[in-house]
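What follows is one structure encoded as structure tokens, with my remarks underneath.
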Amino acid sequence: MSAASARAETLARLAREQFDLLVIGGGINGAGIARDAALRGLRVALVEKEDFASGTSSRSSRLVHGGVRYLEHGHFHLVFESSRERRTLLDIAPHLVRPLEFTWPVYAGARVPRWKLAAGLMLYDVLALFRNVAVHRRLGARDVAGREPALRRDGLTGGASYYDAATDDARLTLANAIGAAEAGAVVANHVAVRALVRGAGVARGARSEDVLASHGGGGPTIDITALITVNATGPWSDELRRLEDPGAAASVRGTKGVHVAVPRERIGNRGALTLLSPIDGRVTFVLPAGPRHTIVGTTDTATDVEPGEVRATREDVEYLLRTANAYFPDAHLHPDDVVSAWAGIRPLVASGYGGAGDAASASREHAIARGPSGVITISGGKLTTYRAMSAEVVDTVCRTLGRSGTASTQARALPGGDLRSPARETDAARQALGAARAAAAEWLVGAYGSRWRAVWALAESDRALAAELSPGLPYIAAELVYGVTREMACTLGDLLIRRTHLAFETRDHGAAAAAAAAAIVAPVAGWDDAEIARQLAAYERESARIFAVDQ
């Protein structure tokens, strides 16, 4: 079955089948809820108006972390829960969630002195019940300088090392969406909810539109019937809630988090670091990102910008570069050094938010609420705890439906996560691809896990698909075909921004690769010349919407 035929059948199923649960929103929470519910045997539909992870879930710090910075604000329960979930995700998705050691340097006069850092990290280990990859270590100034030679040494008094985990946020979300589909859910991206359908005053699904077929006008209408509807739209939660109740008060307060990617050799970090910005004392991360780049982030500022239009500003970029330059004095980072800059909105629960000057200390707890016609809304939370949040939502759904069943997601590998040893799998990929393609081998295993062989099989059957998409980056043409045929990718943005990270790692954000990418996937996606032109124009708009830096 062609990709176009498969999508048409999915949309037809949305219209004709009767569901127990309709999940609206294909970010990490919505995808996680759909997978959990499908694994419990519920009849599930999941729709997302753009692409899976196209909002906040692809614009994070790419960390699954216990929340060491939450200790300062007394959010101990969240640290405990986050540490538990970090351990779970390391087990069920070892290809997508990998241990990452951090160095935290301490300087004379720092807001967090060495003794306080040591005490905090000891509490961090205790709250994790010592389920960390390893316990923290105190470091002297010489130890810190040996680990990170490019760090400023003036005033360095020591520091510590501790472990958290790195992830691929977009692909973690995608793995949950694919897992939901493989468990029996009907899953569709680029399907927008336009209205709720009610029966006797109770929400019984939604009237939706196939966005891809609209071409700027009204697309085909799809009425989805479900006993329970869950609103998992993150920053857009209040927009959907007002379809149910036009007078609903705001339940979500957004804060903007900005990241920049710069060439690794410019900044000089060897590993991951936790820093306190000399500008305002806020925790900032410096993170390795692939073989060539370093990510610096994040900001945490109140915003009322429409979630789909949030972008980094020049002020945001300068803040992050000034922070990095203060710790890496030979970097001399300038805005021209920025390869990409992006922003996402954290959908914090409004009741736990202290105001414009208190964004960093606002609670990252979540809340589950039921609207007047029965729509269940999940608000707040964080990437790390999505699985536990999803289980709690599905518990609520099951009670409402009078069904039994408990979550099993803590013990079931995500798609591609059934790896006995990621290291051995990477060695096998290196042998298959050859020594000259080591970076591509590492990427394939890290992105697809045990399913990397299916991607590489496409390249072996057609050697043109073994070609790299952009010089010096690990992505290969076979991934585009795999994305369309096996991962529900429908647009160039789906492929170059979220199935791969090419748009984040090139200064033109994938523009130079877009035409060739379109030509590669056109036969399997069913694109004619007119559709290719539309795809290229749409990609240019999406890229600008995400990566442009506002004044």
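Worth a mention:
- Rounded to the nearest 500, the 222 nm mean residue ellipticity of the chain from helices alone is -11000 deg cm²/dmol, with -39,500 (n - 2.57) taken per DSSP H run of at least 4 residues.
- Pairwise label distance in nanometres, A530 with A423, each label 7 Å out on the Cα-Cβ vector: 5.6 nm
- Those lysines that a straight Cα-Cα span of less than 26 Å connects to K116, excepting residues fewer than 8 apart in one chain: K382
- Taking θ as phi - 60° and the Karplus parameters 6.51, -1.76 and 1.60, the scalar couplings of segment 463-476 work out to 4, 5, 7, 7, 5, 6, 7, 8, x, x, 9, x, 7, 10 Hz in sequence order, x denoting glycine and proline.
- What the Cβ-Cβ distance of Q18 and A457 gives, at R0 = 22 Å and to the nearest 0.05, is a FRET efficiency of 0.05.
- Potential extension, H332-R131 segment - 0.36 nm per residue separation minus Cα distance: 68.5 nm
- Taking a ≥ b ≥ c as the square roots of the eigenvalues of the alpha carbon gyration tensor, segment 214-342 is prolate, as a/c is not under 1.5 and a/b beats b/c.
- Whether segment 116-199 is rounded, prolate or oblate, judged on the alpha carbon gyration tensor where a/c under 1.5 counts as rounded: prolate
- Long-range amide H partners of A489 with built H, under 5 Å: V484
- Label point at E101 placed 7 Å out along Cα→Cβ; residues across segment 155-190 whose backbone nitrogen lies under 13 Å: 160-164
- Computed FRET value (nearest 0.05) for A200 with S408, which takes r as the C-beta separation and R₀ as 41 Å: 0.75
- Site pair E72 and R142 shows an inter-label distance of 3.0 nm when each label is modelled 7 Å from Cα along Cα→Cβ.
- Three-way shape call for segment 1-54 based on the alpha-carbon gyration tensor, with the a/c threshold at 1.5: oblate
- For peptides 451-458, 434-441, sequence by mean Cβ density within 10 Å, most packed first: 451-458, 434-441
- Available extension along the chain between M122 and A213 is 27.3 nm, counting 0.36 nm per residue and deducting the alpha carbon span.
- Close amide-amide hydrogen proximity is noted between L63 and T167, each under 5 Å apart and 5 or more residues distant or on a separate chain (H modeled in the peptide plane; Pro and chain starts excluded).
The numbers here are math on the coordinates, done by the rules we state, and not lab data. Bear in mind that the values here come from a model prediction, so they are computed numbers and not experimental data. Because the Cβ atoms are built from the backbone with ideal geometry, glycine has one as well, and the counts that use them run over all protein chains shown.
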